[in-house]
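Below is one structure, written out as structure tokens, with a few remarks after it.
The values are calculated or read from the model by the stated rules, or taken from the named source; none is laboratory data. Since we're looking at a predicted model, the values are computed, not measured. Cβ placement follows ideal geometry from the backbone for every residue including glycine, while neighbour counts extend to all protein chains displayed. Calculation scope for accessible area: heavy atoms of the full protein, side chains included, ligands and nucleic acids excluded. Shrake-Rupley method; radii C 1.70, N 1.55, O 1.52, S 1.80 Å.
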Protein chains: 2
Amino acid sequence: MTVTVLAGGVGAARFLSGLVRAVPPADVTAVVNTGDDTVLHGLAISPDLDTITYTLAGAIDPERGWGLQGETWRAMEALDRYTAVRPDGSSAAPAWFNLGDRDLATHFYRTARLAEGATLTAVTAEIARAWGLGLSIVPMTDDRFRTIVRLAESGHEVPFQDYFVRLRHDVAVSGLRFDHSATPTDEVRRAIADADVVVVAPSNPLVSIGPIRDLPGVDDALAARRSSVVAVSPIVGGAALKGPADRMLTELGMDASVVGVARLYAPIADVLVIDPADAHLVDAVVAEGMRCVVEPSVMTTPERAESLAVACLAAAR
Amino acid sequence: MTVTVLAGGVGAARFLSGLVRAVPPADVTAVVNTGDDTVLHGLAISPDLDTITYTLAGAIDPERGWGLQGETWRAMEALDRYTAVRPDGSSAAPAWFNLGDRDLATHFYRTARLAEGATLTAVTAEIARAWGLGLSIVPMTDDRFRTIVRLAESGHEVPFQDYFVRLRHDVAVSGLRFDHSATPTDEVRRAIADADVVVVAPSNPLVSIGPIRDLPGVDDALAARRSSVVAVSPIVGGAALKGPADRMLTELGMDASVVGVARLYAPIADVLVIDPADAHLVDAVVAEGMRCVVEPSVMTTPERAESLAVACLAAAR
């Protein structure tokens with residue numbers, strides 16, 4: 001059975017770790033959000049792609065949920081000397097976006113290959129091969145795509161990483177915008193059209209899955225095969241397992257519950273998988289036009305992630 | 001007394017260390033070769049600028065002569081994983097150019113500031129300030145300038161760092177070319193025109209001083225004030241103290257001796273300072289049209305570098 005997973009970062013990475021225990025990795029394609037991508041110090045940074053690659057390789061730092069285990073921070077520490085002298089108005093060499101010393105090699109390779117003219121799709125496959133991974137990891141697009149967040153207090157728009165990392169997503173947002181004229185790659189189109197099952201991973205529906213859905217043709221392609229699309233709610237008990245999804249939903253006038261998630265996904269997915277903590281909301285999910293499957297979806301162990309993946313595949317049949 | 005020093009890397013850095021013991025650092029300007037500059041992994045690398053900055057800051061690794069003391073190499077070590085998977089024809093993420101983890105912060109800052117539109121001159125001054133330096137360090141130009149070396153065996157042209165680092169300058173060269181349409185900055189023009197003394201540091205006359213002299217107007221400006229220009233021979237006893245200057249001179253049909261150096265510098269400098277090891281060549285230097293001062297010029301200690309600097313200043317009077 002071939003499976004395509006629409007993926008953000010940490011939650012999707014954990015789900016994929018479980019999925020590749022249940023089906024051969026060669027049958028799995030992760031279509032990954034690149035709306036969070038940025039350029040720092042001249043380096044091409046793809047946070048979600050790297051989180052998935054490092055997690056699947058068993059190399060992710062389990063406590064942070066991003067970056068490599070056993071990492072050191074010598075380059076970042078040395079940056080302090082320079083942030084102290086930069087002129088007013090400059091944001092050069094920001095120290096708020098932590099890049100580990102070993103992690104830098106990934107950005108070096110990606111940046112250098114892109115400069116040679118390679119597509120992000122090609123480079124991502126090379127990086128996955130370097131880590132010995134068997135699944136396909138594909139960026140949602142080879143084109144520039146930037147998620148922009150409007151901050152409620154100032155009304156200013158900032159790039160996603162400014163909100164997410166610099167401000168630690170600790171401020172209210174009043175808007176969300178995708179700045180791009182990107183198209184999905186052929187790999188993405190095929191992965192969505194041809195897989196036996198498509199799973200929408202338990203990622204932030206607005207800033208992780210939203211960018212993928214904003215690419216022309218993606219929502220239509222999902223709707224066209226809706227009966228074999230299964231979404232996993234990233235909201236459990238009214239809260240996001242990780243990150244600001246719950247607050248963002250509320251701040252943007254949506255419902256930070258599995259019902260709110262169902263409202264977002266009903267046009268493209270037939271099934272919503274929710275945690276037993278939300279079992280009392282099954283009828284409300286169904287009322288939004290989705291089938292509802294209750295399954296533990298807090299992936300505290302690989303075994304739990306595998307059970308969740310198996311439940312998703314079963315639900316799609 | 002204000003002093004401008006035309007500078008390459010290691011030899012010039014040692015000379016400058018001695019000079020700032022003899023005159024107030026605020027009266028010293030180093031005009032630094034950028035023909036060796038390159039872009040690696042997307043990062044703007046300026047080897048000579050950094051060697052001078054780190055040396056003057058007392059932070060240089062004394063054994064290597066480049067990079068920082070107490071450096072670690074975690075990022076470079078992690079790059080091996082990727083060089084193993086890059087496709088044929090790609091030179092992405094080269095591991096032959098070693099970038100230390102702490103050194104990376106300098107490249108991050110420079111790259112980010114240049115991307116903001118700052119000039120290399122401005123960024124270099126900020127970096128010098130970050131290291132607490134009192135002298136002025138100015139790149140010879142803010143424009144792109146690339147030193148290109150033709151390899152004798154293959155006849156191929158390669159960028160300077162390919163020759164110098166990747167091939168460890170261990171192959172014969174058959175040609176040298178400067179690829180640029182650069183102009184010297186106003187800071188460089190003023191430093192050369194206005195200083196009480198100009199010293200040509202004991203750097204490679206072909207690939208360190210040669211690029212500075214190749215900028216339009218520089219040789220004429222030096223010739224116009226020739227009587228107060230003093231050059232220090234980087235060749236001692238027929239050999240370069242460091243690097244391939246001796247072999248390059250021979251391979252390109254010049255004389256790898258203080259006489260060969262005098263022939264190159266006679267149009268722009270009144271005095272050549274040579275080491276006692278070459279005292280028997282004083283007459284031959286004079287025959288090339290330069291005054292000749294004999295002074296120990298192997299800078300094994302800061303005191304020796306200071307004595308050499310003092311001798312240069314005295315010779316110019």
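Here's the picture: a label point sits 7 Å out from the Cα of A:Thr72 along the beta-carbon direction, and within region B:94-115 the residues with their amide nitrogen under 17 Å of it are B:98-106.
Copy-to-copy label distances for A:Asp196, where each label lies 7 Å from Cα along Cα-to-Cβ, are 8.6 nm in order of increasing length. Sorted from closest to farthest, the other copies place their B:Thr119 label points 4.3 nm away, with each point set 7 Å from Cα along Cα→Cβ. Inter-copy label distances for B:Pro216: 4.6 nm (label point placed 7 Å from Cα along Cα→Cβ; shortest first).
Remark: mean inter-chain Cβ contacts per residue of A:120-129 equal 2, using a 10 Å Cβ-Cβ cutoff to other protein chain atoms.
Relative to the longest principal axis of the Cα atoms of chain A, the long axis of helix A:120-130 makes an angle of roughly 90 degrees. Close amide H contacts of A:His169 (hydrogens built in the peptide plane, cut-off under 5 Å, sequence separation of 5 or more or a different chain): A:Phe164. Take every Cα pair under 8 Å whose residues are at least 6 apart in sequence, average their separation, divide by the length of region A:172-262, and the relative contact order is 32 percent. Sorting B:104-116, B:286-298 by average packing, meaning the other beta carbons within 10 Å per residue, from highest down gives B:104-116, B:286-298.
Between B:Val39 and B:Asp283, the modelled label-to-label distance comes to 5.5 nm, taking each label 7 Å out from Cα in the direction of the beta carbon.
For the listed peptides A:31-38, A:14-21, A:304-311, a ranking on the average number of other beta carbons within 10 Å per residue, highest first, reads A:31-38, A:14-21, A:304-311.
Annotation: Cα Rg of region B:15-84 relative to the compact-globule expectation 2.2 N^0.38 Å equals 1.39.
A crude spin-label estimate for the pair B:Val310 and B:Arg226, with each label 7 Å from Cα along the Cβ direction, gives 3.0 nm. Dividing the alpha-carbon radius of gyration of region A:168-317 by the rule-of-thumb value 2.2 N^0.38 Å gives 1.02. For chain A, the normalised intensity computed at q = 0.11 Å⁻¹ comes to -0.65 (log10 of I(q)/I(0), Debye sum over alpha carbons, equal scatterers, no solvent). Summed over both chains, the contact between A and B buries some 3200 Å² of accessible surface at a probe radius of 1.4 Å. Reported value for the protein assembly as shown: 144 Å³ per residue, from the convex hull of its C-alpha atoms. Here the 3J(HN,Hα) profile of region A:167-184, calculated from phi with Karplus coefficients 6.51, -1.76 and 1.60 at θ = phi - 60°, is 8, 6, 6, 9, 10, 6, 10, 10, x, 9, 8, 10, 9, 5, 10, 7, 10, x Hz, Gly and Pro shown as x. For the segment B:95-106, counting C-beta atoms of other chains within 10 Å of every residue's C-beta and taking the mean gives 5. Calculated mean residue ellipticity at 222 nm for chain A: -10500 deg cm²/dmol, from DSSP H runs with n ≥ 4 weighted as -39500 (n - 2.57), summed, divided by the residue count and rounded to 500.
If eta is 1.567 mPa s and T is 4 °C, what Stokes-Einstein diffusion coefficient results for region B:58-212, Kirkwood Rh from Cα pairs, in µm²/s? In µm²/s, the coefficient is 71. Note on A:Ala59 and B:Ala84: the model spin-label points, each 7 Å out from Cα along the C-beta direction, lie 0.9 nm apart. Dividing the Cα radius of gyration of region A:145-221 by its Kirkwood radius returns 1.05 for Rg/Rh.
Quantify how strongly other chains surround peptide A:38-47 by giving the mean number of their Cβ atoms within 10 Å of each of its Cβ atoms.
Per-residue shielding by partner chains comes out at 4.
Relative contact order for chain A: what percent, with Cα pairs under 8 Å and sequence separation of 6 or more? It rounds to 20 percent for chain A.
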